[in-house]
Structures are given as structure tokens and as C-alpha cells.
Amino acid sequence: MTNEFGAKIRLLRAGAGLTQEQLAQKLSVTPQAVSKWESGTSMPDILLLPPLSVALGTSIDALFSMTDDRRMERIDNMLWDRRFLTQQEFESEERFLKEKCLEPEKQARATLLLAELYNKRAKEYREHAAPLARRALSLLPESGDAHHAVFDAENGAYFDWNYANHAKLIEFYLDFVAAHPQDKHGYQWLLDLLIADGRCVEAREYLEKLDRLEHSYHYHLYLGMILRAEGRLDEALDCWAQMTQEYPENGFAWFVRASMLASLCRYDEAEAGFRQALERMQPKYVDAAEALAQLAELRGNYGEAIGWYEKEIEIARTDWNEEEGELIDEPKRQIARLREKMEKRG
């Protein structure tokens, strides 16, 4: 969204004799959403274009004549802000992005957006599949297929090495870091995969390459993960403790240490770490609050979990200027779910 587009909405709104509040009421959105459109910090959802054009007394084409770059920005925002896309939206944006993938100057961005569009659609289908698979299992409790359907929909953990190993993706990232030896992120993704598959000798080799490229808290993180995979848990815990000693004001160092502790079911220590992370991150990210909410729910403290999800919403509003979209809606759904659990528990 450009300032020019925001100025167009502001001018048409004023010409129609509407305040931001009145326009928002006509569109069933918040006045803050209208303010963000007019300031050029966000774009209206595609479904709002018809009523927006009517409210402003213009046509959609006149209101929203987009360049390719603007449309791709709108798609990016839509993938981030929306939980589900309509079939019409999906097909329209898929068709547009496929066309842009053929244009050399647009190819890179369009290819990434098309991949993200397909990933979002896959996630949407899994969300649709999950309650159906659970229901099928309740109706067919002895069905192995129903168990598989639940696991496939909800990313269940399979012990079968044939299914669970990451060899093909590791091969891709080995080629990637060979072709891009100065890209630290490639090494990090590769290390995640190697450690997950227990390939610790190779992981140590690539950790040293990453550390030579840039020393950061990631060295202690990954070394601790390797030590854990090797069965040297006490050394791993010492390594993660050293990480936050060396980087005491780095909120991300505290967050990843807390994540490792939570994965070991050391919930009290993990909670303390997530609180440290939340205190030190500027701007704050919602991840630590979400982790604290999940820890509280694991312990059966539903009221406390609700409080942390409310903290998520507060962070989204105060630190990221969000008033609508999935960053707000997802924790609201969690709050509603927890309140229902509290009512059932009595």
C-alpha cells in the first residue's frame, strides 16, 4: 500500500462527507483499520473492495488500479492476515502469480509468493481435515487409517525412519550451503535438519563453518542441541546456560534456551526463560507470550493461559500496530476455546 492510495481513500472519504468512524461502521471494520489504510501502513482486504467503492462513490477499478508490485504486496498481506481464503481468491491470485513467474523481472518474488500461497492452502486443508479426522476416529476407534488421518492433519510424530528422516531435504541444503557459503541462514536450516536426524558428526562440521562466518548465540544453541542428541544432557544444559550468560540482554537467546527447556519438560525453568525473553525483546514478539500460554494450559491453569493470550493481543496492538487479522484473531480463538474448557470443568 502506498501513500498515494491512502491519500485517495482519504480524499474520497472526505468528499463523501464521512468520518473514519462512519466509513468503518459501513464496512464493519475498526476505525483504526481505516486509519491504517489512509496512512499507507496496510491495505483493505479484497472482500472489502466492493462495499468500499460503494461507500466512497467510485468504482473498484478507479479506486484500486494496482501495479503488479502493489498486487503482490496485497497477496503477501492477505497470506499473513487471513486464516482462510475463498476458492475464488485462491484461484485468482494463483493465476496472477503463475503469469508473473514467466516474467524475468517479477519471477523471484512471484515464485516465492506462489509457494507461500500453496503452503497456506495446504495448511487450510489440514485445519479442515483435523476435526473430521478426530470425528472419524471417534466413530471408528479401531481404524488405523483414522489414526493416520489425525496424524497427517495435525503433524503427528512418526517413529518410522522411512517416513520421518529428512535425508532429501538435507541433501538440498548441503547443495545450498555449498553454492551460498556466506549465507548464515542456510547453515542454520541445515543444522536443524542434521540434528533432528541425529547426524551429529556432520552437524559439528557445519556448526564450525557457521561460527567462523558469524559468532552469535546460535553457536551455543546448536552445540547444546548436538550434545543433547549425543546423550550428553548435562553438558547441553550447561551450554545453553552459558549462552544466556554471554548474551544476557538478548531476548532471542533467552527464548531459544527456554524452548529447549520446554522440550525437556523442565517447565518451571522454561517459564522463567520465556519471561526473561518477553522482558528483553524490543519490539516484543508474541512468541514468548504464546509459549507461556501453552505452558499454563499444560499445567491446567486455564485462567493464566487466557491472560497470556490476552498479552499476545496487547503486544500485537501496541508493538505491531495490529487491530485485525490473524495476529489478533488466533489468540482470540484460543481464549474462546479455553473458556469453554473452563466451563466444562466447572
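Bear in mind that the values in this text are calculations on the coordinates, not laboratory data. Everything numeric here is computed off the predicted structure, so don't read it as measured data. So basically every Cβ, Gly included, is an ideal-geometry build from the backbone, and we count neighbours across all protein chains shown.
Here the Karplus relation 6.51 cos²θ - 1.76 cosθ + 1.60, evaluated at θ = phi - 60°, turns the backbone of the stretch 226-231 into coupling constants of 5, 4, 4, 5, 7, x Hz, with x for every Gly and Pro. Relative to the longest principal axis of the Cα atoms of the chain, the long axis of helix 267-280 lies at roughly 50 degrees. Loop-located GluC sites (Glu not before Pro) in the stretch 170-278 (DSSP state other than H, G, I, E, B) with a sparse environment of at most 11 neighbouring Cβ atoms within 10 Å: Glu214, Glu249.
Residue pairs exceeding 19 angstrom between C-alpha atoms, taken from Lys26/Lys311; Lys98/Lys120; Lys120/Lys311; Lys184/Lys209: Lys26/Lys311; Lys120/Lys311.
When peptides 237-245, 335-343 are sorted by average Cβ neighbour count within 10 Å, with the highest value leading, the order is 237-245, 335-343. Taking 20 Å as the straight-line reach from the Cα of Lys100, the aspartates and glutamates in range (excluding those fewer than 8 positions away in the same chain) are Asp68, Asp69, Glu73, Asp76, Glu89, Glu91, Glu116. Per-residue ellipticity at 222 nm from helix content only, as computed over the chain with -39500 (n - 2.57) for each DSSP H run of at least four residues, stands at -24000 deg cm²/dmol.
Our coupling estimate for the stretch 323-330, obtained by passing each phi through the Karplus curve with A = 6.51, B = -1.76, C = 1.60 and θ = phi - 60°, is 10, 7, x, 5, 5, 9, 5, 5 Hz, Gly and Pro reported as x. Charge dipole (Cα centre; +1 on Lys/Arg Cβ, -1 on Asp/Glu Cβ; no other charges) of the stretch 1-97 amounts to roughly 360 debye.
Applying the Karplus relation 6.51 cos²θ - 1.76 cosθ + 1.60 with θ = phi - 60° to the stretch 136-150 yields 3J(HN,Hα) values of 4, 5, 5, 7, 10, x, 9, 8, x, 4, 5, 4, 4, 5, 5 Hz, where x marks Gly and Pro. Using the alpha-carbon atoms, what tilt in degrees (0 to 90, nearest 10) does helix 200-213 show relative to the longest principal axis of the chain? In the chain, helix 200-213 runs at an angle near 60 degrees to the longest axis.
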